[in-house]
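Chemist: Questions regarding the structure given below will be posed in turn.
The values are calculated or read from the model by the stated rules, or taken from the named source; none is laboratory data. The model shown is predicted, which means the values in this text are computed figures rather than measured ones. Cβ placement follows ideal geometry from the backbone for every residue including glycine, while neighbour counts extend to all protein chains displayed. The protein model used for the area step is the full one, side chains on, heavy atoms only, and it has no ligands, DNA or RNA in it. Shrake-Rupley method; radii C 1.70, N 1.55, O 1.52, S 1.80 Å.
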Amino acid sequence: MKNLIICLLVFSSLSLFAQNAGNIWYFGQNAGLNFNTNPPSPLAGGQINTIEGCSSIADPVTGNLLFYSDGITVWDKNHNPMPASLATPLNGDPSSTQSGVIVPQPGNPSIYYIFTTPAQLGSWTFTSAAMCYSIVDMTLNGGNGDLTSVNNVLIDSATEKIAGIGNCNGSEYWIAGHQWGTNNFYVYKLTAAGLSAPVISSVGAVHQDIGSGQKSESIGYMKFSSDGKKLGLVTYVNLNVMELFDFNSLTGTVSNPITEVYPFDPNNNLDGLYGCSFSPDNSKFYVSFFSQFASSTIYQYDLNAPNPAAILASKTSVATALTPFGAIQNGPNGKMYISSFGVTTLDVINNPNLSGAACSYTAATQNIAGTTTFGLPVIIESFLTVAAPPLFNLPAEDKICIGDTIHAPQTTKNTFSIQPNSYSVNADSSMVNFFPTTTTTYTIVNTSDCATNDTTLFTITIVPPPVADFIFDPAVPTLRDATITLLNQSQLADHYEWYENNTLHGTSTDYTVSNPGLGTFCYTLIAYNTLGCSNTVTKCVKIKDSVLSTFFIPNVFTPNGDGLNDIFRVKGKNIHINLFSIYDRFGQLLFQTDDLTTGWNGDYKGVQCEVGTYFYLIHYSDAEGSGKIEKGDLTLIR
C-alpha cells in the first residue's frame, strides 16, 4: 500500500470581527495616522500631546474614530474631552509607556473599558501607582460617549505595561498587567458578564528598582501575539530584560519564560530596551534598544527556532539609527511602524514576517500629521493583526489507486468535521487518514469559533489500476530457440519490473531470456502507473525438444554369447522408462527394470530361457511428460 503525506493549507478566510477597530491612530504631539486609506494617510485634528502613552479606538465596521486618550483625558470623535474625564481625570499618565488600552465589552457595543497604568508608579506626578479601569458609555453625551465609572483599582502597584488580546469572535478579551516589585502577571478576562477576578502567574523576572533610583525598570512595552499564544515584554534600565512567555488563552496563565538580559552601561545610563512587537504572523519578535548618544537598534528574534537557546541565538539587528527608537507597532495593513522622537514621519518594516534584512526596514517613509514622541497608541493586538482561523492541512495529492491511504498531518486539533466517513483520525488528532474505495468528494467544515463554519470540498479520485500482461515469443519454445522474449501486453502502465524466482532481473518494457533448457519456467511481471500503483501477473512456459519421442523395439534377439544381439533392449529418444517388463507365454514375470540402458539377457534366475516367443510391456513418459504404454512379443533364438 502506498501512503501519501503531501499537504497544503486551506481555510484561510479571516474573521471580520473588529477588523477596522485599529484603523485610527492618535499619538505624540497632535500626531495622527489614518489606515482607512491605502496607503495610510496623515490625520490632523488630534488633541493629544503625550510624551509616551496613548490609546485610540475606531468603529469596528466603518473604521471611523470613536475616541482616544492619553491615560488622563478622553477625547471623543469630535476631539472634545468627555466631560467626566475633565471632572475626574483617569489615573494613567502621558509619560507612562502604555498609559492605557481601550477594550469593547463583548455583547454590548455601547460599552468600552479603558485600562490605565501609572508612570513609574506615580513618582513623577505624585499620582496613583495603580493599574485601573474606567468605563465609557457611548450612548451618553449626545452619542459621543462619556465615563460612567472611573479609576477602579486592579493592581495597587503596577508597572507601565499593559496588553490586550481578543478571541476571533469578540466574545472575550484578556487584559494583562504586571505588578511592581514582584514577578506577578495579573490577567483579567472581559466578557459580556463583566471583568473576571485576576489570574495571577508568578513567572519571569522580578520587576523592581535595581539601581535606577527612579523606578525606571517599570518602563517598557508588553505585547500579545495576535494568535493569543505568546506574551512578550521588555524592561528599561537598569533591568534591561527581554522576556518571551507562553500564554494559555483558555486559562489566562503565563508560563515558560525565555529571557535575555541586555548589558547595562553605567556611562550611558539612559540606554535600554523600550519597544516590542510580534510580527503579524507571530513568527518573529522585535525589540527596540533606545540610545540617546549612540546608535539605537531594532533586533529581531526568530520564534520558529527549535528551542529557547536557538531563539535567543537568532537575534539579528535589522535597523540602526542615531535617532532614538521608541514604540514598535503592527499596522492593520501588515506592515510594522516604529516611532523615533521629534519627527514628522514613522519608520516602516515593510515585510515583518521575513527574516533579517528581508524584513525591509525603511527609515522615515510614513508621513504623519503632527510630531512623533516615543509612543504609539496601545491597541488590542487582534484589532491590528486579525489572526487566521485554524488551518486544515489537506493532501495536495488528489489521485490515488484503490487501497491507498492519504495522510494529512494536522497542527490544529478537533476543530473540523468531515463527511463521508471513509477516513480516520489518530488518537492525538495529529493525523487525518483518507482511504476512499471509490472516487469521493469530502466535505470539510471548520467548526472553530474563528472560522465561521468555513467549508471546503475536496475530491480524491480513484485512478484505474494498470493491467499487467505478457506473452511468450515464440509461444511454444523448443530447444532450437536460442532466446525467448516476453512481450509486454500491459495497459495503463508506464514502468515495469521482471522477476524470476522472486529476484528482480529487469525493468525494460519487454524481457528476453536465454533458453534455459528443457522444463517449465515461470516469470513475473509487475506493471506500475505514474502514481506508483501496481498490478502483477505470473506466467509459466514449458521448453520442449524439437524432436518428438521415438521408440525402437526389436522383435527378435539371439542371446548365444557371440556378442551380437545378445541383449534385448528398448531404444528411444525423448522418452523416460517408468517400467520395462518381460513375460513368458504363461504370464510369468521374467525381467523388470526402469533403466532405459538395461536390457534382458534371456535368463531367468541365472538359467537360460528356452527358445520361443515372449512378451514385453513398457510403461514410459514421452517428451511432453505424458504417460504411455507399449506392448508386444519377441522371439528368442539361440
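Chemist: Starting from the Cα coordinates of the chain, work out the convex hull volume and express it per residue in Å³.
Modeler: 256 Å³
Chemist: May I pose another question? I'd like the FRET efficiency for Ser157 and Thr345, computed as 1/(1 + (r/R0)^6) with the beta carbon distance as r and R0 of 35 Å, rounded to 0.05.
Modeler: Result of the calculation: an efficiency of 0.40.
Chemist: About the Cα centre, and with charges only on the beta carbon of Lys, Arg (+1) and Asp, Glu (-1), how big is the dipole of segment 119-240? Nearest 20 debye, please.
Modeler: 300 debye
Chemist: Mind grabbing the accessible area of Asp633 for me, 1.4 Å probe, Å², rounded to tens?
Modeler: 80 Å²
Chemist: Along the positive direction of the dipole of the chain (beta-carbon charges: Lys, Arg +1; Asp, Glu -1; about the Cα centre), which of Asn304, Ile57, Gly561 reaches farthest?
Modeler: Toward the positive end, the furthest listed residue is Gly561.
Chemist: I'd like to check one number: the per residue accessible area of segment 520-638, probe 1.4 Å, reported in Å² as a whole number.
Modeler: 57 Å²
Chemist: Just the number, please: Stokes-Einstein D of segment 60-195 in µm²/s, Kirkwood Rh from C-alpha pairs, 25 °C, 0.890 mPa s.
Modeler: 164 µm²/s
Chemist: Can you list the residues of segment 284-315 with backbone N under 16 Å from a point 7 Å past the Cα of Asn256, pointing along Cα to Cβ?
Modeler: Only 284-285, 302-312 pass the distance filter.
Chemist: Next question, about the same structure. Dipole size in debye (nearest 20) for segment 525-638 around its Cα centre, Lys and Arg Cβ +1, Asp and Glu Cβ -1?
Modeler: The dipole magnitude comes to about 420 debye.
Chemist: How much accessible surface area, in Å² rounded to 10, belongs to the heavy atoms of His407 with a 1.4 Å probe?
Modeler: Roll a 1.4 Å probe over it and His407 shows about 40 Å².
Chemist: Right, something else. What number comes out for accessible area per residue over segment 315-386 if the probe is 1.4 Å? Units Å², please.
Modeler: Value for segment 315-386: 31 Å² per residue.
Chemist: Run the simple label-point estimate for Asn555 and Thr297 please: 7 Å along Cα→C-beta, distance reported in nm.
Modeler: Computed distance between label sites Asn555 and Thr297 equals 11.9 nm.
Chemist: Report the accessible area of Thr538, computed with a 1.4 Å probe over the heavy atoms of all protein chains in place, in Å² rounded to the nearest 10.
Modeler: About 80 Å², rounded to the nearest 10.
Chemist: List the lysines whose Cα sits under 27 Å from the Cα of Lys631, skipping any in the same chain fewer than 8 residues away.
Modeler: Excluding near neighbours in sequence, the set is Lys544, Lys571, Lys573, Lys605.
Chemist: So, with +1 on the Cβ of K and R and -1 on the Cβ of D and E, and no other charges, what is the size of the charge dipole of the chain about its Cα centre, to the nearest 20 debye?
Modeler: So the magnitude is around 380 debye.
Chemist: Amide H to amide H, which residues 5 or more places from Ile402 or on other chains are under 5 Å from it, using H placed in the peptide plane?
Modeler: Val463
Chemist: Which length gain, in nm to one decimal place, applies between Thr485 and Leu312 when the Cα-Cα distance is subtracted from 0.36 nm times their residue separation?
Modeler: Using 0.36 nm per residue and subtracting the Cα-Cα distance, I get 55.6 nm.
Chemist: Of Thr613, Ser277, Thr320, which is farthest on the positive side of the dipole of the chain, counting Cα position, with +1 on Lys and Arg Cβ, -1 on Asp and Glu Cβ, and the Cα centre as origin?
Modeler: Positive-end residue among those listed: Thr613.
Chemist: Go ahead and collect, in residue order, the members of segment 474-514 whose backbone nitrogen is under 13 Å from a label point 7 Å along the Cα-Cβ direction of Thr538.
Modeler: The answer is 499-503.
Chemist: Compare the Cα positions of Tyr68, Ile48, Ala129 along the charge dipole of the chain (+1 at Cβ of Lys, Arg; -1 at Cβ of Asp, Glu; about the Cα centre) and return the one farthest towards the positive end.
Modeler: The residue sitting farthest along the positive end of the dipole is Tyr68.
Chemist: Going from most exposed to least, what order do Leu270, Leu121, Leu231 have by accessible area with a 1.4 Å probe?
Modeler: Sorted by accessible area, descending: Leu270, Leu121, Leu231.
Chemist: Any chance you could check the Cα centroid distance between segment 266-288 and segment 98-146 for me, in angstrom?
Modeler: Cα centres, segment 266-288 to segment 98-146: 26 Å.
Chemist: Taking every DSSP beta bridge that has both residues in the chain, what percent is antiparallel when rounded to the nearest 5?
Modeler: 95 percent
Chemist: Now, a different point. Which links in Lys189/Lys230; Lys161/Lys229; Lys215/Lys284 stretch past 24 Å when you go from one Cα to the other?
Modeler: Lys215/Lys284
Chemist: So, with a 1.4 angstrom probe, what is the percent of accessible area on the chain that is carbon and sulfur?
Modeler: 52 percent
Chemist: I've got another one for you. Starting from a Cα-only point model with no solvent, please compute log10 I(q)/I(0) by Debye for segment 504-595 at q = 0.10 1/Å.
Modeler: Results for segment 504-595 at q = 0.10 Å⁻¹ read -0.56.
Chemist: Here's something else I'd like to know. Check cross-link reach from Lys77 to the aspartates and glutamates: straight Cα distance under 20 Å, and skip same-chain residues fewer than eight apart.
Modeler: Here the aspartates and glutamates satisfying the reach criterion relative to Lys77 are Asp59, Asp137, Asp146.
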